[in-house]
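Beneath this line is the structure, given in structure tokens, with notes to follow.
The values are calculated or read from the model by the stated rules, or taken from the named source; none is laboratory data. Given the structure is predicted, the values throughout are model-derived calculations rather than measurements. No Cβ is skipped: glycine too gets one built from the backbone with ideal geometry, and neighbour counts run over all protein chains shown. Just the protein is used for accessible areas: all its heavy atoms, side chains included, with ligands, DNA and RNA removed. Shrake-Rupley method; radii C 1.70, N 1.55, O 1.52, S 1.80 Å.
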Amino acid sequence: MSEETSIRAGRRLPDGFIIGTGTSAHQIEGAWNVDGKGESIWDRIVHDRPEKVADGTNADVACDSYHFYKQDVKIIKELGFDFYRFSISWSRVLPTGEAHIVNDLGVEYYNNLIDELLENNIQPMVTMYHWDLPQRLQDLGGWLNPMMADYFRDYARLLFDLFGKRVKWWNTINEPAMVAVGYGNASMAPCINLFGYGEYLAAHHLLIAHAKAYRVYDQEFRATQQGRVTIALDTMYHFPKTDSKEDLEAAERAMQFQLGWFADPIYGSHGDYPPAMREYIDRASKKEGRVKSVLPTFTPEEVKLIKGSCDFFGFQHYTSCQVSDDPEGNFQPWYTHKYMNISYSDCKSGKRSHIAWLNVVPEGFRNSLKWIKDRYGNPEVIVTECGYGDWKEYDGLEDDDRIHYYQTYLEEMMKAIVEDGCQIRGFAAWSLLDNYEWFEGLRSTFGIVHVDYSSPERKRTPKKSAKFFQSLIARRTL
Ligand code: NOJ
């Protein structure tokens with residue numbers, strides 16, 4: 001295909017489009033208590049309650065990237081990625097979480113990693129917080145404590161100060177909705193069971209924390225460092241089960257509850273949680289006889305702080321599901337008060353992975369991107385995560401299912417760009433490595449690079465999908 005035909009056919013990536021790959025500290029670094037690192041909530045929970053992890057493993061060593069990060073960088077370089085999204089372990093840099101005790105060896109590790117990336121012409125994109133809260137801060141209440149926003153701001157300031165001359169892409173918090181549900185049920189650390197209440201409070205403080213970090217950048221660093229800061233927000237796409245008015249409304253409501261929860265206060269113009277959340281949660285709270293809604297209210301100062309606190313939209317997407325209205329108010333295990341049934345298994349889907357929530361629904365990706373464009377005035381988007389995982393026995397070096405996933409999802413992304421006019425500027429494949437998948441342990445693998453957990457050096461071998469990316473990046477054409 002000639003270059004001109006590829007552009008017209010929507011197969012050629014736009015000029016300046018950046019392609020990366022990602023990981024997170026807890027999932028790859030290992031060295032959980034080495035060189036002064038403090039304990040995180042994920043260290044604590046998998047040590048104390050190994051029965052919660054599908055295969056009983058922990059991330060004490062994981063991919064051991066703390067010792068083998070140069071190998072990671074070498075592979076990223078060979079494959080040709082433009083950027084690498086990794087996260088900093090808060091408790092490696094600040095063992096207690098507070099900014100007055102800095103662990104120099106932890107700082108040195110990230111200095112080395114960043115330098116190694118830059119020497120190899122790979123742009124670092126840093127996530128400040130990918131779920132691994134220092135345990136000491138959890139002991140103070142974690143994200144239920146409003147003070148956490150200040151601890152996070154101080155941590156962010158330190159990171160900008162230490163690394164901001166070299167790092168130009170920042171994600172404050174990874175998938176804050178997943179952090180918040182850790183305070184509503186037992187699906188994520190710290191597994192605090194305050195269902196239908198705790199998640200809203202945690203979310204509120206996460207939003208304020210993010211915005212405080214963003215404003216620190218604005219006031220103290222932006223002029224000299226000229227980087228870009230965002231928060232990484234995720235959603236499934238929610239298809240209505242039928243064309244009934246009730247199901248259509250339920251599907252829209254679900255989008256507001258999942259993505260709008262964090263996106264509306266930041267990117268919306270009305271300075272509040274989405275209207276559907278306000279309506280349904282306020283009503284349910286009243287019905288429960290509460291004095292106040294469990295969905296907190298922002299003060300005018302907080303609205304000002306949070307609104308507009310992002311330089312682009314960091315978006316994460318994997319899959320879609322199907323929803324139908326449930327006027328009786330079926331309490332979903334994840335996001336409460338939605339008044340709907342959510343099904344993963346009924347979703348129209350070409351293929352399924354063995355991971356219960358992972359349907360391969362490429363058009364849901366395009367629809368989500370379009371939803372963001374329509375609701376938030378077409379912001380610039382970088383897809384900070386998207387990827388395919390399966391149970392390890394169904395994954396391997398010849399990972400054609402993963403290639404199919406990326407190929408079809410990227411084709412839908414191109415339609416979002418070319419046909420829908422979405423401003424999508426980059427895409428990061430999740431994940432570089434077969435890493436530690438939280439309570440799934442090592443059972444589920446998402447890597448484009450296989451990791452041999454039986455070898456002490458955690459031997460890394462690129463899968464066929466890594467070569468898919470190598471060729472995509474070289475040709476910039478799907
Ligand atoms: C999103 C999370 O950010 C990441 O840590 C996780 O591995 C993937 N989803 C896959 O579940």
**Asked** Placing +1 at every Lys and Arg Cβ and -1 at every Asp and Glu Cβ, with all other atoms neutral, what dipole size does the stretch 1-98 have around its Cα centre, in debye to the nearest 20?
**Response** 280
**Request:** Could you calculate the FRET efficiency of Arg290 with Glu363 from 1/(1 + (r/R0)^6), where r is the beta carbon distance between them and R0 is 51 Å, rounded to 0.05?
**Result:** 0.80
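Apply the a/c threshold of 1.5 to the C-alpha gyration tensor of the stretch 258-415 and tell me whether it is rounded, prolate or oblate.
oblate
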**Request:** Indicate the gyration tensor shape class of the stretch 439-478 (rounded, prolate or oblate), computed on the Cα atoms with a ≥ b ≥ c the square roots of the eigenvalues: a/c under 1.5 is rounded; otherwise a/b larger than b/c is prolate and the rest oblate.
**Result:** oblate
**Request:** Please report, in Å, the Rg and the Dmax of the stretch 203-277, where both are computed over Cα atoms only.
**Result:** 16.1, 54
**Proximal charge balance of Cys386 [Cβ under 11 Å; K/R count +1, D/E count -1]** = -3
**Those residues of the stretch 428-456 whose amide nitrogen sits under 18 Å from the label point placed on Val34, 7 Å along Cα→Cβ** = 433-436, 451-456
**Item:** Isotropically averaged projected area of the chain, using the convex hull of Cα atoms (one quarter of hull area), nm²
**Value:** 21.4
**Complete:** Rounded to whole Å², per residue accessible area for the stretch 169-295 with a 1.4 Å probe reads 35
**Message:** Ordering Ser244, Ser455 by accessible area with a probe of 1.4 Å, largest first, what comes out?
**Reply:** Ser244, Ser455
**Request:** Using a 1.4 Å probe over the heavy atoms of the protein chains, calculate the carbon and sulfur portion of the accessible area of the chain as a whole percent.
**Result:** 50
**Asked** Leu140 to Leu194: extension gain in nm, 0.36 nm per residue of separation minus the Cα-Cα distance?
**Response** 17.8 nm
**Item:** Relative contact order (percent, whole number), the chain, Cα cutoff 8 Å, 6+ residue spacing
**Value:** 17
**Förster-model FRET efficiency, 51 Å R0, Lys168 and Glu393, C-beta, rounded to 0.05** = 0.80
**Asked** Where both residues lie in the stretch 357-478, what percent of DSSP beta bridges are antiparallel, nearest 5?
**Response** 55
**Request:** May I ask you to derive the relative contact order of the stretch 28-173, considering only C-alpha pairs under 8 Å and at least 6 residues apart, and to give it as an integer percent?
**Result:** 28
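From Cα pairs below 8 angstrom and at least 6 apart in sequence, can you work out the relative contact order of the stretch 370-453, rounded to a whole percent?
Numbers: 105 pairs, mean separation 31.9, N = 84.
RCO, the stretch 370-453: 38 percent.
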**Asked** When DSSP beta bridges are limited to those with both residues in the chain, what percentage is antiparallel, rounded to the nearest 5?
**Response** 25
**Item:** Computed over the stretch 92-224, the ratio Rg/Rh where both radii use C-alpha atoms and Rh is Kirkwood
**Value:** 0.99
**Asked** Going by a ≥ b ≥ c, the root eigenvalues of the Cα gyration tensor, does the stretch 55-162 fall in the rounded group (a/c under 1.5), the prolate group (a/b larger than b/c) or the oblate group?
**Response** prolate
**Request:** Any chance you could look up the accessible area of His354 with a 1.4 Å probe, heavy atoms only, rounded to 10 Å²?
**Result:** 80
**Request:** Leaving out ligands and nucleic acids, note down the accessible area per residue over the stretch 1-109 with a 1.4 angstrom probe, in whole Å².
**Result:** 40
**Asked** Which values of log₁₀ I(q)/I(0), to two decimal places, follow from the Debye formula for the stretch 358-406 at q = 0.18, 0.26 Å⁻¹ with a uniform point scatterer at every Cα?
**Response** -0.68, -1.02
